[in-house]
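For reference, the structure discussed in these notes is given below.
The values are calculated or read from the model by the stated rules, or taken from the named source; none is laboratory data. This is a predicted model, so every value here is computed, not measured. No Cβ is skipped: glycine too gets one built from the backbone with ideal geometry, and neighbour counts run over all protein chains shown. Heavy atoms of the whole protein, side chains included, go into the accessibility calculation; ligands, DNA and RNA do not. Shrake-Rupley method; radii C 1.70, N 1.55, O 1.52, S 1.80 Å.
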Amino acid sequence: MKRLSVLLMATAALLLTGVASAQTSVPASLQQKFPALRVQPKVGTKRDTVKGSYYEQTMHISPSVVVEGAATQAQGAMEATMIVIAMDTEAKYKERREVYKVLSSETLPIPAVDKATKREFEFKPSKTRFDAYKDASNVGGLVYKWYIFGLRDADTKQLLHFETNCPALEKFASSNPETRDKSLGYKGGAQFDTNFKK
C-alpha cells in the first residue's frame with residue numbers, strides 16, 4: 001500500500017502550496033506610472049517517480065508572474081523578484097525538525113509598455129529529487145514549500161507588490177513591513193529561518 005500511494009502521488013500537477021497573501025501598495029507618487037496595477041505570481045509543480053525506485057521522486061518547479069494594468073494606459077518599467085523555498089524531507093520526517101532552504105532567487109526586468117495589457121514572465125525552472133516516504137526511513141532531498149515575490153519600480157526601487165504563501169512570514173510582515181524588503185534579499189542556497197523575530 002505504501003508503494004502504491006507514492007506512485008499515485010507522482011503524477012499530480014499542482015499550483016502553489018498554501019494560501020498566498022498579496023499586498024499591492026503603489027505609492028501615491030507612482031500612481032500615474034502604474035495605473036490599476038494587477039499582479040499574479042504563481043509556482044507550478046509536477047512530480048514524477050524516479051525510474052527503478054519505489055520511494056524517490058523528482059519535482060519540476062516552474063515560477064512565473066502575470067502583470068497588467070489599465071489596458072489603454074502606459075505602464076512603467078519594473079523589477080520582479082521570485083524566491084523559492086524548499087523543505088528538507090529527511091529533517092522533517094526522520095529527525096522531526098523544520099529545515100528550509102532557498103532553492104532559487106531571481107530578479108527579472110519588466111519592460112515599460114505603452115499599453116498595460118496582460119503579460120506573463122517566466123523565471124528559471126528548478127528540479128529537485130527527494131524521498132517521498134513520510135516516515136523515519138526518509139533518506140532526504142528537497143521538496144517545494146513556499147515562494148516569496150516582490151515587484152518594484154525599476155527607477156526608485158520602491159516596493160509595489162509583495163506576496164508570499166508562507167504563513168509565518170505573511171503574519172510577521174503584516175505588522176513589520178520592513179521585513180518584506182529583507183525577505184526579498186535571500187540568495188540561492190541560503191537557509192530560510194521562519195523565526196523572523198531574531
Go over the candidates 141, 150 one by one and state the one that is open to solvent by less than 40 Å² (accessible area, probe 1.4 Å) and within 26 Å of residue 32 (Cα to Cα).
150
Out of (1) open to solvent by less than 60 Å² (accessible area, probe 1.4 Å); (2) over 15 Å from residue 84 (Cβ atoms); (3) in contact with a Pro (Cβ under 9 Å, 6 or more places away or on another chain), the one residue 123 does not meet is (2)
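Listed here are the residues, each with its yes/no results for (1) open to solvent by 50 Å² or more (accessible area, probe 1.4 Å); (2) within 12 Å of the chain's Cα centre (by Cα); (3) under 18 Å from residue 152 (Cβ atoms); (4) among the hydroxyl-bearing types (Ser, Thr, Tyr).
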position: 60; (1), (2), (3), (4): yes, no, no, no
position: 67; (1), (2), (3), (4): no, no, yes, no
position: 78; (1), (2), (3), (4): no, no, yes, no
position: 89; (1), (2), (3), (4): no, no, no, yes
position: 92; (1), (2), (3), (4): yes, no, no, no
position: 99; (1), (2), (3), (4): no, no, no, no
position: 108; (1), (2), (3), (4): no, no, yes, no
position: 112; (1), (2), (3), (4): yes, no, yes, no
position: 115; (1), (2), (3), (4): yes, no, no, no
When the range 47-57 is checked residue by residue, the ones that are within 25 Å of residue 147 (Cα to Cα) and buried (at least 16 other Cβ atoms within 10 Å of the Cβ) are 47, 49, 56, 57
